[in-house]
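In what follows, a single structure is set out as structure tokens and then discussed.
The values are calculated or read from the model by the stated rules, or taken from the named source; none is laboratory data. Just so we're clear, the structure is a prediction, and the values are computed from it rather than from any experiment. Cβ coordinates were reconstructed from backbone atoms using ideal geometry, including for glycine residues, and neighbour counts include every protein chain displayed. All accessible areas refer to the heavy atoms of the entire protein, side chains included, with ligands and DNA or RNA removed. Shrake-Rupley method; radii C 1.70, N 1.55, O 1.52, S 1.80 Å.
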Amino acid sequence: MEYTTLGDTGLEVSRICLGCMSFGSSDWREWVLDEEEGLELVDRAVELGINFFDTANMYSKGESERVLGKALEGRRDEMTVATKVFHEMDEDNPHSGGLSRKTIEQELENSLARLGMETIDLYQIHRWDYETPIETTMRALDDAVRRGKVRYLGASSMWAHQFADALHTSDRLGLERFLTMQNHYNLAYREEEREMLPLCERAGVAVIPWSPLARGYLARPHEDVEATTRGASEEYIHRHPYREGGGPEVNARVQELADEKGVKMAQIALSWVLHKDWVDAPIVGTTSVEHLEDAVEALDISLSDSDVEYLEEPYEPVRVSGHD
Ligand SMILES: NC(=O)c1ccc[n+]([C@@H]2O[C@H](COP(=O)([O-])OP(=O)(O)OC[C@H]3O[C@@H](n4cnc5c(N)ncnc54)[C@H](OP(=O)(O)O)[C@@H]3O)[C@@H](O)[C@H]2O)c1
């Protein structure tokens, strides 16, 4: 395993972060692993040297946090656990979503209880809240750090102007600032290169992209995108513009390079993300031990500058996706 310092947190984390959206309960989404399989996957991840895990309160309505907490019992001090808040947890309770002080304080307590932890390493806002002033949100998050409930703050997909506003607000008010950005970035979706990634570079914010394999689109040939349970049933693989613009040609080139190097498509796609200087640790999602091992092996793949250019060349601008 390779490790890196996660920006200004000073934490040493594995360069592969394991995304925990794929475990919790299959009642939530058909392709999600139930508890036993989730526990096995986390065990194998730890054996492989992964010490960085990303979940969210909303994944399997809290079950992902519960399974992750159980899986890491007895070894939490060695791990970095990231979770998120924003999406509504209970449709009958409007205070279970958004980023008001009330929601943040309540949802943080719920996440801590499910994870079985006293402190969350990295607490992230999942989306921008258009109803709550950013000052209110930043003060509530700052208080969570001061009360010892959270160690570091992070943010996820939003417009760059919003993130700049949040950073400026915390600096202006002398509050804890966001140290990480979890954004949508892969070979088939590179709109973040325009504004968000240069902003993070300039502000010293660590970048931990989600869906580095384009939700599996870059892990198999274009025409087979629906060949897995998740490919057939997950709305986002279809909602994101992976198959628009240059997507199909990017997919074909990933396949071509994978054949040439005798590796898997998923490994080429992941290796490309790992080669980008502004990326600290991609968050990989999987439901199989074999695919987890593929991800770790991708750290050993070397791409030349011309390989990178060849993979990138067909990309065409597409509509922004992943902020909603
Ligand atoms: N902040 C946000 O808004 C946000 C949004 C989405 C996701 N996330 C985070 O990012 C994590 C990853 O997201 P994701 O699951 O969408 O990302 P992903 O890693 O881009 O895609 C996962 C898909 O790729 C497939 N795959 C992985 N390795 C493979 C391999 N070696 N060969 C073939 N197929 C392979 C998986 O299938 P198998 O299951 O069969 O391995 C799965 O269907 C999530 O768990 C979550 O923590 C955050």
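Here is how the numbers come out for the structure above:
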| read-out | value |
| --- | --- |
| Any hit, the stretch 79-101, residues being buried (at least 16 other Cβ atoms within 10 Å of the Cβ), at pLDDT 95 or above, farther than 24 Å from His323 by Cβ and not polar (S, T, N, Q) | yes |
| Single residue of Glu309, Glu290 found to be within 12 Å of the ligand (Cβ to nearest atom), over 29 Å from Ala155 (Cα atoms) and out of contact with any helix residue (DSSP H, G or I) (no Cβ under 8 Å at 6 or more places or on another chain) | Glu290 |
| Yes/no for Met21 being in contact with a His (Cβ under 7 Å, 6 or more places away or on another chain) and within 11 Å of the ligand (Cβ to nearest atom) | no |
| Failed item, numbered, when Glu201 is tested on (1) open to solvent by 10 Å² or more (accessible area, probe 1.4 Å); (2) in contact with a helix residue (DSSP H, G or I) (Cβ under 6 Å, 6 or more places away or on another chain); (3) in contact (Cβ under 8 Å) with a residue 40 or more places away in the chain; (4) in a helix (DSSP H, G or I) | (2) |
| Within the stretch 24-42, tally of residues that are open to solvent by less than 30 Å² (accessible area, probe 1.4 Å), within 12 Å of the ligand (Cβ to nearest atom) and not in a helix (DSSP H, G or I) | 4 |
| Scope the stretch 43-64; condition within 13 Å of the ligand (Cβ to nearest atom), more than 21 Å from Pro209 (Cβ to Cβ) and open to solvent by less than 10 Å² (accessible area, probe 1.4 Å); matching residues | Ser60 |
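Residue by residue, here is whether (1) touching a strand residue (DSSP E or B) at 6+ places or on another chain (Cβ under 6 Å); (2) more than 10 Å from the ligand (Cβ to nearest atom); (3) closer than 25 Å to Ser22 by Cβ holds:
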position	(1), (2), (3)
Gly154	yes, no, yes
Ala160	no, yes, no
Leu187	no, yes, yes
Pro212	yes, no, yes
Arg239	no, yes, yes
Asn251	no, yes, yes
